[in-house]
Amino acid sequence: MLFNRLPRLCSLCSRVFYSSRGRGAVWRTLTGHTSLKYANITQVQHWGTVAPKRLSHSDFGDLYETESVQRFLQQLMEEYRDTSKKIQHAQLSESDRKILIKRQKELLPLANVFESIEVALKDLEEVLSLLQSSAGTKDEDEKLTQLLKDEEAQISHKILALRKELIRALVPVDPLDTSNVVMEVVSGRTTGGDICQQFTREMFDMYQGFASYKNWDFEVLNYTTAEMGGLHHAAVRIAGENVYRHVKHEGGTHRVQRIPEVGLSSRMQRIHTGTMTVIILPQPVEFDVQIDQKDLRIDTFRARGAGGQSVNTTDSAVRIVHLPTGTTAECQQTRSQLKNRDTAMRMLRARLYQSMMGKDTEQRHSARKQQVGTRSQSERIRTYNFSQDRVTDHRTGYVTRDIKEFMRGGEALEDLISDVHEHAEREAVLEVVESSGVKESGQSAH
Amino acid sequence: MLKRSLIAGYTCFGCWSVGPKGLWGYHAVRACSAPALPAGRITARQAADLWKRHFAERGVTEPDHSSHYILAYLLGAKTIESLEQGKLTEFLSREKTEQMWKLCSQRLCRMPVQYVIEEWDFRDLTLKMRPPVFIPRPETEELVELVLNDLQMKPRTEVGAQETCLEVGCGSGAISLSLLKSLPQLKAIAVDQSQDAVDLTGENALRLGLQDRLQIHHLDVMKDAETVLSLCSSVSVLVSNPPYLFSEDMTALEPEVYWFEDHAALDGGNDGLDVIKQILTLAPKILSDHGRVYLEVDPRHPPLIQRWVEVNVEEMHYVETRHDISGRPRFCILRKEKSNKDHKLDLD
């Protein structure tokens, strides 16, 4: 009960905020990262004539074919050329020059890829024209034709890869990506409480499995059990490499559909629906709360009297008060006072984080409404259908089978997370494009 | 005053007639009048409430915690908070009810909860507890933390060099076992003047699977100094929660402490320094160079110890006093230094 007051982490926190401010955006440096899932190589056909088409859920690179993205890219390249030209100019104030150089630097990786694409396109054109001219000739050139065709395929492949890279370079960096998180799992309160609690425990186990799969630290801050081996609520701190980047899209309502195995509802052999909610609160390193011991007041039963050997008490409760803010945390979960103190300290830290984060996100939120999608935490994001052995993510339509394997929190979960992540990045790119003021006429790409 | 009158009140019951050794006998239990076993069935919560009230009426300290811990123990949990909520409203079986009555009756006779349920937690360990072996106090958890922090900070200068730790007065083994648990490279030697303590430390070591790195000896540092010296040399850490109470304060102790715990683990002599002085005298011969002593002491002790060491033990250097969670000066850290003649640069 003590911990139910724990950060009911504001829904804002787990939305994704990007630091990019349109034209002042920070570009993700190019990585060799390629998307495998949908990397089906097709012929490059429409590279010259961009047909605006509705974005279907497929290749990351096909964003390139969106008119608005094309225009945006052209605009950026113009800006790059412009900036480079301006820097050459003699009559520039020092401060202006600095701004221009900084901007040029930001655009440079993008420009490099863009240039590579241009070169590749020229090569392709040449090959194509050679092919065309050789089409009329006789069989003695068959070998040459074959060579040319190989060449063409190769260049086309390269262009596709480069385009993907280009789009990836457009994805704004989320400064919180490397953060650790506090994750809460909360059982739903809808019909059939026991099915929700059961499911909450399974979800908890899944994330624990995922943390171990990713070699992250998984530290339980609170674990409130329910009947029949269910779980009411749990809070954990997950620390490791890029934790927030991986789990940020897990926040939201998860739905379960199954014939219950235990509990009241198991008596009726029909499919029940339950929910649970995941809340993700990033804990960025730079906000790592530095707590001065002098600012703390620690209350224990043993504070009275002489303590030490002269007193034998079993009251191991600890309360810590952070004097400057009045924030308190207390713990009496264990029989060890030291463990209670450590837990209380972590809770206090999490609460201080939360209040700092709250302020921070509010500021960012009012400054700019820039997030991936417009989903709030309360929206249902995924369904776990045990009866049909299927997991469906409603944001992307991604479907995967073998629910048992999925709930182990290993590769299957990571695949889904990567897919959602990619989807979110696409949306983020489009957001950047739209907010840059590139308007499309006619059909919308989004 | 209150404590004294409580003790006086208890002696009137007549179940305390022999010397201190006889105090731990379970015969004392029956002398305390427990409420009658309920005729019908009662729920766990009702049983806890009933005993809480009864404890309170009889002036038993921590009535609610006592009944809660005993109930939780019977239901297979450590704390009532970690019990499933539904369990509290379920009826207790006849057997469980009888057990509850038996254990709570012991508590009614002021037996510490830790002895009643025969276990307690110390840091992340659960240790077996048995009278009259001293029950570790929360302050000692902090003593272990001090040692751990220092040992973990130490750069691994000599690769593969194994550190050894000596504990004087191991009691249930709490300190040594915690250190061994947290530091897989460490070896420890534990000594105690009480056979009960030696046995209990051994049992706890076995339960935790730490027996291979722990030597336990039945030794009294006051009498068997030579044996202690022959057993250990070049120890890097000497840690102790020695008896540090002033003899005159002994009679003011709560019945839980005074009647049930080994006085030899509590009474430190007139100024509470008897064992502490002996430890510090032996320390230079036991420790390796720059080896450290960590002591838990009475809040009045640190300045006394510092002065005494400066005068009497040339090779020991008083490093610092640390405070416990409630801000009392509770821990003394000392370090072995080469004597002034061949004093070298302090590399620590």
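None of the figures in this text is laboratory data; all of them are computed from the coordinates on show. As the structure is a computational prediction, the values presented were derived from the model and not from experiment. Neighbour counts are summed over all protein chains in view; Cβ atoms, including those assigned to glycine, are modelled from backbone coordinates with ideal geometry.
Computed from the C-beta positions of B:Lys223 and B:Lys102 and an R0 of 25 Å, the FRET efficiency is 0.05 to the nearest 0.05. Pairing the Cα long axis of helix B:195-207 with the longest principal axis of chain B, what angle in degrees results, from 0 to 90 and rounded to the nearest 10? Once rounded, the angle reads 90 degrees. Taking 7 Å steps out from each Cα toward its Cβ at A:Leu144 and A:Tyr213 produces label points 5.4 nm apart.
So the label point goes 7 Å from the Cα of A:Asp295 along Cα→C-beta, right? Which residues of the range A:317-352 then have their backbone N under 20 Å from it? Residues passing the 20 Å test: A:319-331, A:341-352.
Over the residues of chain B, the helix contribution to mean residue ellipticity at 222 nm works out to -12000 deg cm²/dmol, using -39500 (n - 2.57) for each DSSP H run of at least 4.
Computed extension length for B:Leu231-B:Asp212: 5.2 nm, one decimal, from 0.36 nm per residue of separation with the Cα-Cα distance subtracted. Calculate, in whole percent, how much of the Cα-Cα pair population of the range B:178-242 lies beyond 18 Å. Summing the P(r) tail past 18 Å for the range B:178-242 gives 37 percent. Pairs from the table (B:Lys52/B:Lys102; A:Lys122/A:Lys158; A:Lys86/A:Lys164; B:Lys154/B:Lys336; A:Lys294/B:Lys154; A:Lys339/B:Lys87) lying more than 19 angstrom apart at Cα are A:Lys86/A:Lys164; A:Lys294/B:Lys154; A:Lys339/B:Lys87. B:Tyr244 sits among other residues whose Cβ lies under 12 Å from its own Cβ, and their net charge, with Lys and Arg +1 and Asp and Glu -1, is -3.
From the square roots a ≥ b ≥ c of the eigenvalues of the alpha-carbon gyration tensor of the range A:157-257, which class results: rounded (a/c under 1.5), prolate (a/b over b/c), or oblate? Judged from the Cα gyration tensor, the range A:157-257 comes out prolate (a/c at least 1.5, a/b above b/c).
Taken over the C-alpha atoms, the range B:34-139 has Rg and Dmax values of 13.6, 43 angstrom. With an a/c value of 1.5 or above and a/b not larger than b/c for the gyration tensor axes a ≥ b ≥ c computed over the alpha-carbon atoms, the range B:160-305 is described as oblate. Computed on the Cα atoms alone, the convex hull of the range A:383-435 gives a volume of 62 cubic angstrom per residue. One decimal place: the segment A:Asp402-A:Ile87 gains 107.6 nm when fully extended, by the rule 0.36 nm per residue minus the C-alpha distance. B:Trp120 sits among other residues whose Cβ lies under 10 Å from its own Cβ, and their net charge, with Lys and Arg +1 and Asp and Glu -1, is 0. Gyration tensor analysis over the Cα atoms of the range B:125-244 returns equivalent ellipsoid semi-axes of 22, 17, 13 Å (largest first, whole Å). Computed from backbone phi with θ = phi - 60° and the Karplus coefficients 6.51, -1.76 and 1.60, the 3J(HN,Hα) list for the range A:220-226 is 7, 9, 7, 8, 9, 7, 10 Hz; x is used for glycine and proline. Applying 1/(1 + (r/R0)^6) with R0 = 60 Å to the Cβ-Cβ distance of A:Asn242 and B:Val311 gives a FRET efficiency near 0.55.
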